[in-house]
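Working notes for the structure below.
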Amino acid sequence: MLSARKELVAEEYVLRLQEEVVGRPRCRERPRRARFVDKHGACNVAHTNIREQGRFLQDVFTTLVDLKWRHTLLIFTMSFLCSWLLFAMIWWLLAFAHGDLDDEGGGGLSPPAVPCITSLHSFTSAFLFSVEVQVTIGFGGRMITEECPFAIAVLLAQNIVGLVVNAIMMGCIFMKTSQARRRAETLIFSRSAVVAPRDGRLCLMFRVGDLRTSMIIGASVRAQLVGRARTAEGEVQPLRQLDVSLDGPAGSGGSIFLVSPIIVSHVIDGSSPLYRLTAAGLARARFELVVVLEGVVETTGITTQARTSYLSTEILWGHRFVPVVCEEDGRYSVDYSKFGNTVKVPTPPLGARQLEMEQAEARDRPQVSLEGDEADEEGVEMEGEGKVVNFEISPGLRRRKSSVFHSDCL
């Protein structure tokens, strides 16, 4: 603009150049990948076009518990209000049919000597009497008499309906307040998973912890690999789920002692779905690691479950978690400010399959001929449950070979 004022550059050209610069995006947005399970554990699957929605009404209690709080409170209020209004209309019609609402100004007729309900003169008083009957307040101004047997039957019916409404609504509110979802919020996972050597083997690791001092009884951890796969017959499965075996107590069918944060590891060997995965193919692979932590709350005895997931872009190759447990003054302390911190460690960029091949060549063993080398250029083959699954990756991936003891930290 200053150059335009000095007549060095035409003002029209400067304005046009400014519009192009302002309208041009500063950075390229990354395409958003769909998640099967969100970070906070909610399932990210939308159910649409459900034809048999009437099945939800067959289990009304579960439907009410699964609703959001604002919808539950609205139904709670409307259920009582509608029942009060319904029986208020019945009481008003009963008094009208018996002639209790007639007065000297209403046709010259006088009300009967003994009414069905005393002190009931309008719909407002009938509504107040309905509330007193169902909530058992009993102010004493309005009461039922022996004049009308039908009124006694209506009184019994309203008491039964009131008890049913109270039982359903109170049970629904109690179940929503006592759910273990809040307890699961104190079960935390590391924001990223890491791949690094451990005990001479390439492992995928993530950290779990419990913020509360109360224990989770029988805590167990499960992991599944979810991704798009293609079968040998050419069938495309959008969400193929493969079990990922875990090492240590988490994988032996036992329970973990979650008194302090622990690192759960998965050994990448020949039976692992990540057997053919390399550092170069990790950023472009399209899969998701779903982790489920389940146990019984010690204080309430209710089973709770916490879930999270890691995309391929959230797995750091060549990193290791920082220790968070230290001993101070004869007791152990946990520093949760370092819960998700990682450091780089020397890790070979090759996958477990390529490492085993190079180690076999280094020991002067005969080379093992494995099929599917050409297929690695287009996808990452992952084995699981005795079957080979091709998880697709972005095109343009090329295999990189180097020595086993690669010093670069990726």
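The values are calculated or read from the model by the stated rules, or taken from the named source; none is laboratory data. Everything quoted here is computed from the prediction, not taken from an experiment. Backbone-built Cβ (ideal geometry, glycine too); neighbour counts: all protein chains shown. Ligands, DNA and RNA are stripped out before the accessible areas are found, and what is left, the full protein with its side chains, is counted by its heavy atoms. Shrake-Rupley method; radii C 1.70, N 1.55, O 1.52, S 1.80 Å.
Before moving on, here are some points about what is shown:
- Each of the peptides 329-338, 71-80 was scored by the mean count of other Cβ atoms within 10 Å over its residues; in descending order, highest first, they stand as 71-80, 329-338.
- Part-to-part distance (alpha-carbon centres) for the stretch 148-189 and the stretch 128-142, which is given in Å: 21
- Mean sequence separation of contacting Cα pairs (under 8 Å, at least six apart), scaled by the length of the stretch 74-203, corresponds to a relative contact order of 21 percent.
- Computed over the stretch 217-293: relative contact order in percent, which uses C-alpha pairs under 8 Å that are six or more apart: 41
- Cα shape, the stretch 111-196, gyration tensor, a/c 1.5 rule: prolate
- Residue-count net charge about Gly251 - beta-carbon cut-off 11 Å; Lys, Arg +1, Asp, Glu -1: -1
- The distance separating the Cα centre of the stretch 279-345 from that of the stretch 235-277 comes to 13 Å.
- For the set Lys68, Lys39, the ranking by accessible area, highest first and with no ligand, DNA or RNA atoms included, is Lys68, Lys39 under a 1.4 Å probe.
- Calculated from backbone phi, Karplus (6.51, -1.76, 1.60) coupling profile of the stretch 76-89 in Hz, x at Gly/Pro: 4, 5, 5, 5, 5, 5, 5, 5, 5, 5, 4, 6, 5, 5
- Sum of side-chain charges, Glu298 neighbourhood, beta-carbon under 12 Å (Lys, Arg +1; Asp, Glu -1): +1
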